[in-house]
Amino acid sequence: MHRILALVLFAAVMPVAATAAPCPGNPDALGTARVIAVDATTTPRVGRKHFPATLPLGPKELVLTFDDGPWPTTTPKVLDALKHECVRATFFLVGRNAKAHPELARRELAEGHSVGHHTFSHPLLDRMPLERAKSEIDRGIAADETALYGRPGATPRTPFFRFPGFASSPTLLDWLQTRGIVVFGADVWASDWNPMTPEQELALILGRIARVDHGIVLFHDTKAQTARMLPAFLRELKRRGFRIVQAVPAGQTRP
Ligand SMILES: [Zn+2]
């Protein structure tokens, strides 16, 4: 009888428990407020920097994304900072980096992040023959999936893709959509490809986020300045009342 009562009570509190799960070692963590299922049929292209729409986010909701890794000197620091705050992000891997550092790609997955794709060797796809561009995309997905899961699947487990340099073409966008692959742009850039101090980057990105209010934020986990500013950035988001949303593939129950 007690066991049944306990189960009923557990079921009743589950929705609350799911959003307010404690963060080990950090009672004041920013956390991940919710998960959003992303599907190419409803949102094939997201991010208002390049596309008309973004993810259906509420006020002060942010999706954090990190491109170009995994990279041995910086990605572990980014992962440490995210873990300390129980924040789950999306990584867009460069296939040759995933091939060189598969343990880091697997750590991203093991720590609950979404792991999408960003070509094999990071060329600008809009200025090469179509078949070569397609093979760069597929070779990247295969290298990422081999690093993550041991072998590539028939379709990408996480069908999320970002164009290097946002250099898309209408033909490639249509091709990805027919394959059920969601193309991520961004709503706000950290511009961390430009050299700056971590303090300058922090001020720049917080100012831009304040202006867009909500959306997809683009960082590079290959950049030392980004890895160094991330702990302070996450604390500041918490102080300013922002909420983190994780984008996950539709139909997958993984957190
Ligand atoms: Zn990139």
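The values are calculated or read from the model by the stated rules, or taken from the named source; none is laboratory data. For clarity, every value in this text was computed on a predicted model and none was experimentally measured. We place every Cβ from the backbone using ideal geometry, glycine too, and count neighbours over all the protein chains shown. Surface accessibility is based on the protein's heavy atoms, side chains included, excluding ligands, DNA and RNA. Shrake-Rupley method; radii C 1.70, N 1.55, O 1.52, S 1.80 Å.
Details
- A Cα-only calculation for segment 150-245 places Rg and Dmax at 16.1, 44 Å.
- Inter-label distance for residue 200 and residue 146, nm, one decimal - labels placed 7 Å from Cα along Cα-to-Cβ: 4.0
- Using the Cβ-Cβ distance between residue 139 and residue 107 with R0 set to 30 Å, the FRET efficiency from 1/(1 + (r/R0)^6) comes to roughly 0.85.
- Leading residue at positive end of dipole, segment 30-82 (Cβ point charges), from 76, 32, 56: 56
- Computed magnitude of the charge dipole of the chain (debye, nearest 20; Cβ of K, R +1, Cβ of D, E -1): 280
- Chain lengthening between residue 53 and residue 250 when straightened (0.36 nm per residue, less Cα-Cα): 69.1 nm
- Mean accessible surface per residue for the chain, computed with a 1.4 Å probe while every protein chain stays in place, in Å²: 47
- About its Cα centre, the dipole of segment 130-171 is roughly 40 debye, where the only charges are +1 on Lys and Arg Cβ and -1 on Asp and Glu Cβ.
- GNM flexibility winner over the chain from 81, 186, 21 (Cα, springs under 10 Å): 21
- Note on residue 236 and residue 96: their simple-model spin labels are 3.4 nm apart, each label 7 Å out from Cα toward Cβ.
- Based on C-alpha pairs under 8 angstrom that are at least 6 apart in sequence, the chain has a relative contact order of 31 percent.
- Highest GNM mean-square fluctuation among 200, 225, 177, for the chain modelled with Cα contacts below 10 Å: 200.
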